[in-house]
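First the structure, in the form of C-alpha cells, and then the observations on it.
The values are calculated or read from the model by the stated rules, or taken from the named source; none is laboratory data. What you see is a predicted model; the values in this text were computed from it and never measured. Cβ atoms come from the backbone with ideal geometry, glycine included; neighbour counts cover every protein chain shown. These area figures cover heavy atoms from the full protein model, side chains too; ligands, DNA and RNA do not enter into them. Shrake-Rupley method; radii C 1.70, N 1.55, O 1.52, S 1.80 Å.
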Amino acid sequence: MPTSIKKFILVTADHHPHHRHFIKLLDRLASELNVDKEIRMEDYLFLIEHGETDEFGMAWVPQLLVEDTSGNIKPILTRMPFDARLKPDLEEAYRQCISKLKELGLIK
C-alpha cells in the first residue's frame, strides 16, 4: 500500500518573528491537501529527533514536518525563504513544501 500524508507537524514558538508565517503556511497546506495538522510549542527534543539541527546538534524553531501513514516523520521546511526585499516569501515556502512532498513520494 502506498504511503500517504497522515499529518503536518509544526514546531514553533509564539515569540518567533516567523511564527505567524509558518501558521499561515501550515493552514494552507492542511486545507488544500485535506490533511490533519498538529502544532507543538517549543518541543526541541522532538526536533532534535526528527527535524534539522545545527553542527552542535541543536534544533531551532519554527520547523514544519510531515508524518506519513507509516509513522515516518521528515522535515519539509526548516527556514523561511525571503523575497528580494528580504520579506518572508510564503509563495516560495509553499512551492518548497510541495516540492519536498513530491520528492518524498507523498503527493504527485
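Yes or no, residue by residue, for (1) touching a strand residue (DSSP E or B) at 6+ places or on another chain (Cβ under 9 Å); (2) without any contact (Cβ under 8 Å) to a residue 40 or more places away in the chain; (3) under 19 Å from Pro17 (Cα atoms):
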position: Gly57; (1), (2), (3): no, yes, no
position: Glu67; (1), (2), (3): yes, no, no
position: Ser70; (1), (2), (3): yes, no, no
position: Leu77; (1), (2), (3): yes, no, yes
position: Phe82; (1), (2), (3): yes, yes, yes
position: Asp89; (1), (2), (3): yes, yes, yes
position: Ala93; (1), (2), (3): yes, no, yes
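Residues of the range 99-107 include at least one that is open to solvent by 80 Å² or more (accessible area, probe 1.4 Å) and without any contact (Cβ under 8 Å) to a residue 24 or more places away in the chain. The strands (runs of 3 or more DSSP E) falling completely within the range 1-90 that include 2 or more residues that are open to solvent by less than 30 Å² (accessible area, probe 1.4 Å) map to 5-12, 63-68, 73-77. Within the range 33-54, residues that are free of Cβ contacts under 8 Å to residues at least 40 places away in the same chain sit with their Cβ atoms under 7 Å from residues that are of a type in the set (S, T, N, Q), at 6+ positions apart or across chains, in these pairs: Ile39/Thr12; Met41/Thr12; Leu47/Gln63; Glu52/Gln63; Glu52/Thr78.
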